[in-house]
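Scroll down for the structure; my scribbles are underneath it.
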Amino acid sequence: MKNSLAKVVVVFSAEGEMTPFLRDYMIQNITGIQWVASEAWVTASVFTGSEYYPYLGGTIGFGIRRGHISRLSDYLMTVSPENYPDNPLVEELWEALYGCSPHLPSASQLPLCTGQEELLVQHSAYMNTSSPRVAYNVYKAVYAVAHSLHNLVLCQPGVGPFENNSCAQTNNVHPWQLQHYIEEVKFKMAGEVVNFDLKGDSVPYYDIINWQRGTSGNIEFVNVGLFDGTKRAGEELVIYEDKITWAGHQREVPVSVCSASCPPGSRKAVRRGEPVCCFDCIPCDRGKISNQTNSIDCTFCPEDFWSNEDRTICIPKKVEFLAYDSVGIALTVIAVVGACLTIGVFLVFFCHRNTAVVRVNNSELSFFILFALTFCFLCSLVFIGEPTRWSCMLRHTAFSITFSLCISCILAKTLVVLAAFTATRPGDNIMKWLGPKQQRVIIFSCTMVQVIICAAWLIDASPYPSRNTKYERSKIILECSVGSSLAFWCVLGYIGLQACLCFVLAFLARKLPGNFNEAKFITFSILIFCAVWLAFIPAYISSPGIYADAVESFAILASSFGLLFCLFAPKCYIILLKPEKNTKQHLMGKEK
């Protein structure tokens, strides 16, 4: 006890066994222990001396409820070997109290045969009848038996409680018959109603006893509460905490634990090889909670819920998608700016449609390309906002068809440029196969292939909104599932095939004569386009959640800006800033 960290000791013992133990305890000079006493010694008067207070002060425990037994003191004065010469119990009591032979003088003279002070204390305790506790319980038990026997004797045949309404034989009473009457007994004693349960046991009443310092320095037993077994669970114990004095003359409740209680949000983990009261508190894993103190285990949150930071309650998971926040607004602004620039270029070309730059570079195809680029910029907006079934279907089909239309127009323009500069021999009629109608057929045919792929995709396994909870379990990521991965990569592959074909043809025509060889600009624009989408594929695959949509939207905008600037920035530069070069002779390299 001296070396232990425990500060509270519960003792089940009688006062006779406690006396030698407390003697050694006081020699060791151990203090600061809060004692919790059993009813056998919580009211032991032998420990009420002032020398015990530093060691036992603050002791608390359940004491048998005290009562009053009238004329008990007068009766005890008559108990002596003189009045009861044949009773061996009286002889033992006499020797224990006075250390004398029972044949010495009577109890009325109260001699101390040995002269020991300890015997005087024992005699005082024996004669103290001011507040009997155990004796009062015995008193009630005797009266309970007496009432039961009385009821048993008064039993009338034909209305008895036993088989065939019979009664017990008064000259041959069995214990089980008396037990039956005890269960039904209820009587008043000194203002107290005595009840018994179905087993014949009396309903428990206990006083909560606290050992406090008296005015003379000795220990006094102070009643600081009550246990009433007749009350329902949770209400049977009443304690007046403001009246309690704890060990060390403290008013605060002492704490004696090997491990502090685990707060909500954690669980107990018993330490191997140590008592069960010694444990570690382990925080609950993410997605688990414990909302009670000293929880043994943590419980999982429901599917659409997640644990809060304290791991005490389940809260709805945060729903994420590419919304109009900082990233969404930035992409929206870029898309709108790109669409406005494209429309601005369209107006410049339309206003200068009769100039050499516009006419030489096939104004009809230029308008088609600008029209397609405008929709390329705007279709990136479909990737922003909460996914729905229609927006998911529109996302990939819209950008794939508009990009296919744009690349088809560039492919037709590349074929025209290549044919125009290679058809130099007399009688070469290659240009008749690349007239305006044929150009429209090329554009329509190439775009129609992409439309058919998208239609088959939508019919077979169209994209749909999905709730992704696997990437980050604390969030629900709303995204568009592509439905058919094969169709998705077929769409991108077809655009890539068109771009590669266009790049090869433009690369072959890059060194054709002329001050304004559009094949060079087409080569650069397709090169940038392919670089953007080649970088997009690994970035798209590795991007988590909403960032995949942001990456795809950014790739659309970046490739659209690449095509717009590479194809039309040189033309707008000549049209707006160098009008003197906007002549057919200068563009064909024939100017003197």
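The values are calculated or read from the model by the stated rules, or taken from the named source; none is laboratory data. The structure displayed is predicted, hence computed values, not measured ones. All Cβ positions, glycine included, derive from the backbone under ideal geometry; neighbour counts span all protein chains shown. Keep in mind that these areas ignore ligands, DNA and RNA; they rest on the heavy atoms of the full protein, side chains included. Shrake-Rupley method; radii C 1.70, N 1.55, O 1.52, S 1.80 Å.
The table below gives the values:
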| item | result |
| --- | --- |
| Given (1) under 30 Å from A6 (Cβ atoms); (2) modelled with pLDDT under 90; (3) touching a strand residue (DSSP E or B) at 6+ places or on another chain (Cβ under 6 Å), number of the condition G287 does not satisfy | (1) |
| Within region 524-574, tally of residues that are touching a strand residue (DSSP E or B) at 6+ places or on another chain (Cβ under 9 Å) and not β-branched (V, I, T) | 4 |
| Of all residues making up region 317-342, the number that are modelled with pLDDT of 90 or more and either loosely packed, with under 15 Cβ neighbours inside 10 Å or more than 30 Å from Y573 (Cβ to Cβ) (or both) | 4 |
| Pairs where the first residue, in region 136-147, is within 13 Å of E183 (Cα to Cα) and the second is open to solvent by 50 Å² or more (accessible area, probe 1.4 Å), C-beta under 8 Å, 6+ apart | A141/S202; A144/S202 |
| Cβ pairs under 7 Å, 6+ apart, first in region 334-361 and part of a loop (DSSP other than H, G, I, E, B), second β-branched (V, I, T) | H352/V358; H352/I575; T355/I575 |
| Contacts under 8 angstrom Cβ, first residue in region 538-557 being open to solvent by 30 Å² or more (accessible area, probe 1.4 Å) and assigned to a loop (DSSP other than H, G, I, E, B), partner among the charged types (D, E, K, R) and at pLDDT 75 or above, 6 or more apart | P544/E472 |
| Yes/no for R395 being open to solvent by 40 Å² or more (accessible area, probe 1.4 Å) and of a type in the set (D, E, K, R) | no |
| Filtered residues of region 33-92 (kept if under 60 Å from the mean Cα position of the chain (by Cα) and among the aromatic types (F, W, Y)) | W35, W41, F47, Y52, Y53, Y55, F62 |
| Meets criteria (within 49 Å of the chain's Cα centre (by Cα) and open to solvent by 30 Å² or more (accessible area, probe 1.4 Å)) for N195 | yes |
| Members of region 225-257 that are closer than 13 Å to T59 by Cα, open to solvent by less than 60 Å² (accessible area, probe 1.4 Å) and assigned to a strand (DSSP E or B) | W246 |
| Candidates F375, F371, filtered to the one that is out of contact with any Asp or Glu (no Cβ under 9 Å at 6 or more places or on another chain), assigned to a helix (DSSP H, G or I), crowded, with 18+ Cβ neighbours inside 10 Å and aromatic (F, W, Y) | F375 |
| Selection from region 215-224 of residues that are open to solvent by 90 Å² or more (accessible area, probe 1.4 Å) and free of Cβ contacts under 8 Å to residues at least 60 places away in the same chain | T215 |
| Per-region count, region 1-55, residues more than 15 Å from Q212 (Cβ to Cβ), open to solvent by less than 40 Å² (accessible area, probe 1.4 Å) and either among the charged types (D, E, K, R) or not in a helix (DSSP H, G or I) (or both) | 8 |
| Residues of region 154-179 that turn out to be open to solvent by 90 Å² or more (accessible area, probe 1.4 Å), assigned to a helix (DSSP H, G or I) and of a type in the set (A, V, I, L, M, F, W, C), as a count | 1 |
